[in-house]
Amino acid sequence: MRILLFGPPGVGKGTQAQLLTEKYDMVRLSSGDLLREEVSLSSPIGKKVEQFLRKGHLVPDDIIYELVDSFLLENKESDILFDGFPRNLNQARSLEKSLAQLGQTIDIAFEMYLDEEDLIKRLTDRRYCPKCGRIYNSTTNPPKTEGICDVDRVKLSRREDDNPDVIKRRLTIYKDETRPLVNYYKSLNIYRRIDAKGNQEEVLGRISEAVNGHIDNKCRSN
Ligand code: ADP
């Protein structure tokens, strides 16, 4: 099974991706995490992409393809959840091609949506654990002890691109570059829209309902 999550920054993709991979035993391809890892390792790719991430611009497609294609090869036997990739039409077409070479297709493309005011609030209040990557929110999903990861007990961090100017730019880039994926996936008949309002479990319930329905259909047609 290959599932894709897209939506504006702050909509809760990362959180849902983490919950879904655990629930359905999938591996997660988060292009943002792959890029941040390269930056933290100061690898040649990391050095090239650092400025793009800091400013909230999209990283050039060829760099993304390099990371994604090696991930797909390494994980060709696994169910995959795509989180934050593809981010524009070229990337979407490239993903179709790469999957086709492996005899695979995308099962469902979920667009998560939320109004802009809520998005900005979620991003401003977002914190993450630098050790395990768990995501917290100081208002909707606070850690048990303020500023400390519940699991690792280390101090939570704020992403460098979660500041007001960069947040605005990322939202604009989302509307211009990523939203056209809606029509693309509608034309492939795999598009599903998910309301991202409410707590993590509520949103997970909405996505899971669609995933379970898809799994049932697949079983029946086999
Ligand atoms: P968010 O969706 O909250 O912006 P991500 O972790 O998905 O967070 O991405 C962070 C940054 O990484 C983006 O602002 C962009 O610079 C870069 N990035 C992530 N995925 C891609 C992609 N598929 N193509 C180009 N740039 C990307």
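The values are calculated or read from the model by the stated rules, or taken from the named source; none is laboratory data. The structure presented is a predicted model; accordingly, all values stated were derived computationally and were not measured. Neighbour counts are summed over all protein chains in view; Cβ atoms, including those assigned to glycine, are modelled from backbone coordinates with ideal geometry. Accessible surface areas use protein heavy atoms only, side chains included; no ligands, DNA or RNA. Shrake-Rupley method; radii C 1.70, N 1.55, O 1.52, S 1.80 Å.
Some points to look at:
- Subset of segment 99-140 that is in a helix (DSSP H, G or I), touching a helix residue (DSSP H, G or I) at 6+ places or on another chain (Cβ under 8 Å) and more than 13 Å from the ligand (Cβ to nearest atom) - its residue that is most open to solvent (accessible area, probe 1.4 Å): E116
- So V151, is it among the hydrophobic types (A, V, I, L, M, F, W, C) and in a helix (DSSP H, G or I): no
- Any hit, segment 134-144, residues being closer than 18 Å to L181 by Cβ and out of contact with any Ser or Thr (no Cβ under 6 Å at 6 or more places or on another chain): no
- Qualifying residue in segment 65-78 (condition: near the ligand (Cβ under 7 Å from one of its atoms) and within 22 Å of R2 (Cβ to Cβ)): no
- Looking across L34, L19, one residue alone is open to solvent by 10 Å² or more (accessible area, probe 1.4 Å) and closer than 18 Å to Q200 by Cβ. It is L19.
- Matching residues in segment 162-183 - criterion: being more than 12 Å from the ligand (Cβ to nearest atom), of a type outside the set (A, V, I, L, M) and closer than 12 Å to R87 by Cα: K175, D176, R179, P180
- Which listed residue is under 15 Å from the mean Cα position of the chain (by Cα) and at pLDDT below 95, from L73, L119, L81: L119
- Taking segment 1-63 and the helices (runs of 4 or more DSSP H) fully enclosed by it, the elements with 2 or more residues that are under 19 Å from Y113 (Cβ atoms), within 12 Å of the ligand (Cβ to nearest atom) and not aromatic (F, W, Y) are at 13-24.
- Residue list for segment 155-164, restricted to those being in contact (Cβ under 8 Å) with a residue 40 or more places away in the chain and either surrounded by fewer than 17 Cβ atoms within 10 Å (Cβ to Cβ) or of a type in the set (V, I, T) (or both): E160, P164
- One residue stands out in segment 64-98 among those that are small (G, A, S), touching a residue at least 24 places away in the same chain (Cβ under 8 Å) and assigned to a helix (DSSP H, G or I): the one that is nearest to S30 (Cα to Cα), namely A92.
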